[in-house]
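Structure first, commentary second.
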Amino acid sequence: MGRKDSSTSRLPVDQYRKQIGKQDYKKTKPILRATRLKAEAKKTAFGIRVNIHLGILLSFYMYLELL
């Protein structure tokens, strides 16, 4: 009996997540895909920037070693 009563009352966090899920569902698939691709691009851009900086530092170090 306790389980049935506890399942009917939802936590405010669960209600909030459900509302957000409904709002996301209202968006069309191309909009959701574009948002996901934009987030992934931000993640990979950071990695590329770090690699470029490391490459520049390495080349500068190699230049100094040759002198």
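The values are calculated or read from the model by the stated rules, or taken from the named source; none is laboratory data. Computed from a predicted model, the values in this text were never measured in an experiment. We place every Cβ from the backbone using ideal geometry, glycine too, and count neighbours over all the protein chains shown. Keep in mind that these areas ignore ligands, DNA and RNA; they rest on the heavy atoms of the full protein, side chains included. Shrake-Rupley method; radii C 1.70, N 1.55, O 1.52, S 1.80 Å.
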7 Å from Cα along Cα→Cβ at both F60 and D14: what's the point-to-point distance in nm? 5.5
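Of L67, L11, which has the most accessible area with a 1.4 Å probe, and how do the rest follow in descending order?
Working: L67 145, L11 110 Å².
Ranked from most to least accessible, the order is L67, L11.
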